[in-house]
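Have a look at the structure below before the remarks.
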Amino acid sequence: IKAIATKERPLIMFMDDLQWSSDATTDLIRTMLLDSSLKNFFLVGTIRQDINPHTNEVMELDSNLPISFMLRSLREDMLVVDTNSEDGSDRMGTRTSAVSPWLDIHLANMSLSKTQQLISHVLGQPAEDLAALTFDLFQKTQGNVYFTIQLLEQTKSSGGLDDASGGRNATKNDHGKKLQNIQSIVELIASKIDKSKPTLRTALIVAAYIQFSFNIDTLCAVLDSLSSHKNFESFVSFPTRSSHKEQGTNRREVETMLEEAVLNGLLSHTIGGNVYRFSHDRVQQAAKSLVPYGEERNNLRFQVGMSLLDRYHRSLQSNAAAQGPPGSKDHKQAKNTTMMAVDSSMLFIAADHLNSVPTKDHLFIAKLNMEAAEHATNLGAPKSGLKYSHIAFDALSKIRTPWDRQYALTLGLHQIRADVELALGNFEVGYDLADEVCKHAKCTEDTLQVLIAKTAALSREDKKIESVETSVKAAQSVGAYPKRGFVWNIIKELIWIKRYFKRHSDEDILSMPLITDQKQLLSMRLLDQIVTYSGQADQFVQFLVAGVKAVRATIKHGICKHASMAFSFLSAMMLVQNDLNSAKRYSNLAMAIMDRTNGHGSGITTFYISATVRRLCNGPVSQTIALYDQGYHASMGHGDLESGFLCAYMSVFTAYHDGYPLQMVNNALRALTNEMKLYNISSNIHGIKRYKIFLSILMGEQVADWEQIALFGDTTESVTGNSDPISDKELLYPLINGYMLGMQLSVLCSKFEVGDRLSKKMRKLNLANVHSDEIRTVVALYTGLIAAGRYRETKNKKYLKQLRSMYK
């Protein structure tokens with residue numbers, strides 16, 4: 001949406017009938033409303049609220065509907081920071097105020113006079129001649145436009161308007177008798193469908209249980225399945241066989257009947273297309289209501305669900321056969337392309353039908369919902385995936401000793417649910433599921449998927465060190481990472497790698513085969529995680545070992561999307577050695593591999609290193625920021641939220657240090673904070689909040705509280721209460737970044753006494769564990785500037801001595 005909604009071409013999106021929206025739809029709406037960086041976009045949504053027939057008042061929405069839950073949560077999240085006030089609960093002197101991201105417009109039903117005008121317009125008669133008819137219609141419809149038109153057509157088609165029955169001489173009782181059996185719009189349309197031809201009636205009922213929009217081929221397949229079932233022989237009264245038996249239900253006959261429904265206003269259809277849709281959701285609701293609750297409806301839903309599930313699986317099998325053997329070069333890409341052609345909704349509709357029917361086949365329900373959960377997760381709908389995984393778990397709980405009797409199913413279900421729970425930020429539940437898998441797994445490979453998900457979740461919680469340790473253990477379990485004696489081996493490996501790339505051109509590297517072995521792909525993914533998270537946590541040894549192993553694995557086995565990380569690692573190593581030409585070569589190779597393997601979603605290290613290389617090679621700042629923005633969109637599009645936000649933060653950070661307007665930087669940072677809150681990402685969130693305060697003070701939007709700024713970086717977890725150096729890196733880096741920001745602000749505002757206090761705290765830290773030359777250089781620079789400022793203020797020679805030591 002951000003990509004297509006531009007100032008030149010703004011986007012308006014209309015979403016109808018949101019009372020029927022799913023969790024995935026409401027999640028999208030919530031994200032769009034809360035994302036302050038989404039510009040040039042206008043959303044219009046409609047929600048129908050029924051009228052109480054006894055009081056004529058609008059009834060409240062069902063509180064259990066996804067749209068109701070979303071609106072409640074939105075109202076709770078409508079708090080924004082007002083940096084122009086010094087009173088309030090925020091410790092930096094800010095307060096909060098409520099701002100609504102949407103406008104409610106209530107569209108009421110027509111009044112009696114408006115109803116009379118509508119009837120007069122439709123019938124072409126004077127309004128004063130239609131008083132009796134208007135009164136009777138209004139009594140039934142309460143001014144609902146759709147209901148009024150349908151009831152008017154029904155009355156007209158039944159002869160109720162003949163002989164000027166709507167004229168001055170007609171009484172209220174004349175029309176009341178004709179309409180007394182109609183209680184609601186659903187009953188009205190149901191009576192209209194019920195009076196249709198038996199074959200059309202059947203087609204509409206079955207279509208209603210398929211989907212609001214349905215394909216005629218799918219409808220024919222379901223009708224064919226029902227006609228072959230003994231319980232529905234009388235229900236389906238079609239000529240179900242054409243001259244070609246394999247065609248099943250006569251498609252031409254069904255198409256003719258559906259066109260008749262289009263003429264009657266029950267369906268809509270685009271000429272030449274295969275897709276029909278109900279003209280209104282009330283029509284679908286009316287068709288469903290013609291099947292009574294109980295055994296009859298359960299039998300129909302079961303058969304429709306089984307038919308749709310069979311059709312979905314047949315489509316998958318047909319496409320799999322058409323794309324060739326799994327070992328073929330482009331098998332995976334072909335599979336993904338083909339999957340898009342399969343109507344995935346058939347799986348979910350089938351699951352919903354079959355879940356609603358009482359059954360004792362718990363194994364079947366567990367398998368069905370595991371498949372639905374996995375597919376929903378792959379489509380980027382984790383809440384739907386969570387719903388189906390809960391149903392599958394409930395079914396699995398009714399099977400005795402599932403880990404023993406149904407190991408593969410139980411393992412797969414635990415893996416899927418752990419992925420979904422962790423993706424949604426339910427960390428404790430996800431970690432427990434991961435531990436359960438590790439406890440019952442029969443082999444190491446069975447634990448890798450949950451360990452990868454757990455590693456990513458730990459990083460999202462800003463537990464970088466623990467994340468690295470978890471991924472290292474997982475990589476060691478499959479032999480991708482050495483357990484001991486790796487220092488000398490790594491040195492030899494680096495020498496060998498350097499010689500290898502001197503002998504081979506870029507074309508040789510890019511012509512390597514694609515890795516298809518799943519074990520190798522998992523190993524590369526684990527090494528990718530180690531390099532990424534150890535780089536963020538300044539775990540240099542792990543970064544070095546994993547990077548070298550990834551390069552060797554790429555040379556030995558070939559290219560995959562995680563191989564771009566290996567070449568980014570080499571580029572980083574060349575930067576350390578100030579070899580910018582080699583760094584640029586490996587950076588370009590990493591980007592080329594990422595393009596070839598469509599690995600943009602896992603290329604956070606590649607984007608970061610490439611942007612750094614371009615900046616050091618004196619490339620335009622706009623190119624550096626463009627790379628970070630590309631990394632943000634690619635990572636977010638592939639579901640790697642933490643990497644996306646890291647790219648966004650680096651883009652903002654680069655913009656500030658290269659002189660972009662502070663207001664622009666501050667707005668981008670505010671939008672980033674809101675997005676991270678929206679997706680429950682806490683990685684570096686404290687540092688970003690301090691950065692927001694820093695910018696607000698520089699812009700004059702906030703009065704600096706220097707006593708609080710002197711505590712920049714201090715948290716309840718990091719204060720040790722003694723003077724010992726802090727060596728725990730989980731606490732070290734937040735402290736360093738906080739102190740550095742406070743020192744910079746004190747220098748810019750000439751508050752050297754506050755800077756001196758922060759500088760003393762910085763000297764207590766164990767900076768020997770910091771492998772970043774940039775951090776050590778910046779710390780020395782601001783320590784020296786603060787010492788110079790304090791010497792000018794106090795003439796104390798200790799500051800002069802400190803300044804000289806920083807100079808050295």
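The values are calculated or read from the model by the stated rules, or taken from the named source; none is laboratory data. It should be emphasised that the depicted structure is a prediction, and the values quoted were computed from it without experimental measurement. FYI the Cβ positions are ideal-geometry reconstructions off the backbone, even for glycines, and counts take in every protein chain you see. These accessible areas exclude ligands, DNA and RNA; they are computed on the full protein's heavy atoms, side chains included. Shrake-Rupley method; radii C 1.70, N 1.55, O 1.52, S 1.80 Å.
For the stretch 2-37, a residue qualifies if it is within 20 Å of the chain's Cα centre (by Cα) and within 22 Å of residue 665 (Cα to Cα), and the qualifying residues are 2, 3, 5, 31, 32, 33, 34, 35, 36, 37.
When the test is whether a residue is among the small types (Gly, Ala, Ser), closer than 17 Å to residue 203 by Cα, part of a loop (DSSP other than H, G, I, E, B) and at pLDDT below 90, residue 243 does not pass it.
If the condition is being surrounded by fewer than 15 Cβ atoms within 10 Å (Cβ to Cβ) and over 12 Å from residue 211 (Cα atoms), then the stretch 269-296 contributes 270, 271, 272, 273, 274, 292, 293, 294, 295, 296.
Screening the stretch 673-717 for residues that are farther than 20 Å from residue 456 by Cβ and open to solvent by less than 10 Å² (accessible area, probe 1.4 Å) and picking the one that is modelled with the lowest pLDDT gives 713.
The set of residues in the stretch 639-666 that are among the charged types (D, E, K, R) and crowded, with 19+ Cβ neighbours inside 10 Å comprises 640, 642.
Would you confirm whether or not the stretch 461-476 contains a residue that is of a type outside the set (Asp, Glu) and surrounded by fewer than 18 Cβ atoms within 10 Å (Cβ to Cβ)? Outline the logic, then answer.
Keep residues of the stretch 461-476 that are of a type outside the set (Asp, Glu), which gives 463-465, 467-468, 470-476.
Imposing the further condition that a residue be surrounded by fewer than 18 Cβ atoms within 10 Å (Cβ to Cβ) reduces the set to 473, 476.
So far as the stretch 461-476 goes, yes, one or more of its residues are of a type outside the set (Asp, Glu) and surrounded by fewer than 18 Cβ atoms within 10 Å (Cβ to Cβ).
Restricted to helices (runs of 4 or more DSSP H) entirely inside the stretch 295-389, those with at least 1 residues that are modelled with pLDDT under 90 and farther than 26 Å from residue 27 by Cα are 295-322, 331-341.
Screening 428, 469, 445 for residues that are in contact (Cβ under 8 Å) with a residue 24 or more places away in the chain, out of contact with any His (no Cβ under 9 Å at 6 or more places or on another chain) and either of a type in the set (Asp, Glu) or not in a helix (DSSP H, G or I) (or both) leaves exactly one candidate, 445. Contact map, the stretch 123-134: first residue small (Gly, Ala, Ser), second residue at pLDDT 80 or above, Cβ cut-off under 7 Å, separation 6 or more or different chains; pairs are 127/116; 127/117; 127/120.
Filtering the stretch 574-597 down to residues that are β-branched (Val, Ile, Thr) and closer than 21 Å to residue 512 by Cβ, which residue is least open to solvent (accessible area, probe 1.4 Å)? That would be 593.
Against the numbered list (1) closer than 27 Å to residue 667 by Cα; (2) at pLDDT 75 or above, residue 763 comes up short only at (1).
Quick grid of which residues meet (1) closer than 25 Å to residue 597 by Cβ; (2) open to solvent by 70 Å² or more (accessible area, probe 1.4 Å); (3) small (Gly, Ala, Ser):
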| site | (1), (2), (3) |
| --- | --- |
| 446 | no, no, no |
| 452 | yes, no, no |
| 458 | no, no, no |
| 507 | yes, yes, no |
